[in-house]
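Here is the structure we will look at, set down as C-alpha cells.
The values are calculated or read from the model by the stated rules, or taken from the named source; none is laboratory data. Source: prediction; values computed, not measured. Glycine gets a Cβ as well: all are built from the backbone with ideal geometry, and neighbour counts include every protein chain shown.
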Amino acid sequence: MIRIPGFSFLRLTIIAFIMILVISYISMHKLVFVSKNLSVNGKKMVLMAKEIREKLIKEVNAQKFSCKTKDNITIHGLTIERENPIATLILCHGFRCCKELTARYVDTFKNYNAVLFDFRSHGENRRSITTIGCHEYKDVLAVSNWIKNNKPNLAKVPIVVLGISMGGASALKALEKDPTLCDALIVDSSFSNLNSVLYNVFSSKSGLPTFPFLPIMKKMFNYVGSCNIDAMKPLNSVKKIKKPLMLIHSCIDNFIPVQESLLMYAQATEVGAKLWIGPECKHGRLHEKYPELYKKKVESFLTKRVL
C-alpha cells in the first residue's frame, strides 16, 4: 500500500475539526433552545408553573392575555389588578425561568398591579429560539404597548418594569428603544455585556476550554438567532436612559458578578440613579431570600422618584 505523506495528520485534523464543530453545536443548541424538562428544587418547572398559575387565577383573579411582538412572536402572560393600586409592576423573568416564578413579587408588592409574562421560547410560549436579550427586548415592548392599548386601569398609574438577570438586560434595551416604555426601571442581577458573561461562565458551566469552542459557538448562535452577541451591551443602553433607574445586585453572585452592575451604575447618566448592593445569595435570589429588605429598598426608591 502506498502511503501518502501527511495523510494521517490531515485525517486527524479533519476529524478533530468535525468534533469541535459538533461539540460547539451541542453547546449552542443547549443555550438557544430552552428545554421543557427544566426542574426547580427537584420538581418539573412546567408542573410547578401550572400550580402557581392556577393559584393566581383562583386567589387574586389573575387574567390570561397574549400579545404579538413586532417580529410576530406570540407572548403569553397574566395580569393582576388591585384595588387602589399605587403602580403597575411589569415583571421580566430570567433565562430558563418562567412568569409564574416571579409570582413571589406579587405577594410582596400587594398594593401594585402586576403583569407577568413569558419571554419567547419560555413558559407557555411556543418553543423557538432564545437570544438572551438580543431579541427579547421586543417582548418587553410588546407587553408594555399591549397594556397601554388594552388595559386602561393598569396604564393609568405609574408603570414600573422590574427585570431579573436576562429580564433586566432586555428591559434596559427596550427602554433605550422606547423612552415611553415605563415610568421607572429596576434591574436586578443583570449583565452589562453578554459577550463577557459568556466568556466568564462558558468553561465552568460546560467543562470545555473557551478556545476553540466558544468562538465557534458564538458564530453558530449569531446565525441561528439572527443576532449579534457582541452587540448585546446593556452598558451602552444605560447611558441613554433618562427614566428613574435602580440597579440591584448581591455582593457575591455565583453566576453574574456584582461588577456588572457596578459598571452600569458608573455609566448611568440618569440623575438620581440608585444602586443597591445586597447581602450574599444565589444569582437573582435577593428577593426570595430577603423579601422584606428588598421591598423596603425598592419602595424607598419608587417613593422618592415616581410615586
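Here are a few things to note about the model shown:
- Verdict on Leu185 being surrounded by 24 or more Cβ atoms within 10 Å (Cβ to Cβ), farther than 17 Å from Ile132 by Cβ, touching a strand residue (DSSP E or B) at 6+ places or on another chain (Cβ under 7 Å) and not aromatic (Phe, Trp, Tyr): yes
- Residue within segment 271-278 that is out of contact with any strand residue (DSSP E or B) (no Cβ under 7 Å at 6 or more places or on another chain), modelled with pLDDT under 95 and under 25 Å from Phe109 (Cα atoms) present: yes
- Residue in segment 211-241 that is surrounded by the fewest Cβ atoms within 10 Å (Cβ to Cβ), counting only those that are under 19 Å from Ser165 (Cα atoms) and aliphatic (A, V, I, L, M): Ala231
- Candidates are the residues of segment 108-146 that are assigned to a helix (DSSP H, G or I) and free of Cβ contacts under 8 Å to residues at least 60 places away in the same chain; the one that is farthest from Phe221 (Cα to Cα) is Ser144.
- Residue check, Asp71 surrounded by 13 or more Cβ atoms within 10 Å (Cβ to Cβ) and either free of Cβ contacts under 8 Å to residues at least 60 places away in the same chain or touching a helix residue (DSSP H, G or I) at 6+ places or on another chain (Cβ under 9 Å) (or both): no
- Residues that are over 20 Å from the mean Cα position of the chain (by Cα) and in a helix (DSSP H, G or I) within segment 33-51 comprise Leu47, Lys50, Glu51, listed in sequence order.
- Taking each residue of segment 290-307 that is touching a residue at least 24 places away in the same chain (Cβ under 8 Å) and looking for partners that are part of a helix (DSSP H, G or I) with beta-carbon atoms closer than 6 Å, six or more apart or interchain, yields Pro291/Thr108; Tyr294/Leu286; Tyr294/His287; Lys295/Thr108.
- Within segment 32-65, the set of residues being surrounded by 15 or more Cβ atoms within 10 Å (Cβ to Cβ) and out of contact with any helix residue (DSSP H, G or I) (no Cβ under 8 Å at 6 or more places or on another chain) comprises Val34, Val46.
- In segment 242-256, the residues that are surrounded by fewer than 22 Cβ atoms within 10 Å (Cβ to Cβ) and under 18 Å from the mean Cα position of the chain (by Cα): Asn254, Phe255
- Within segment 130-178, being aromatic (Phe, Trp, Tyr) and closer than 19 Å to Val197 by Cβ holds for one residue alone: Tyr137.
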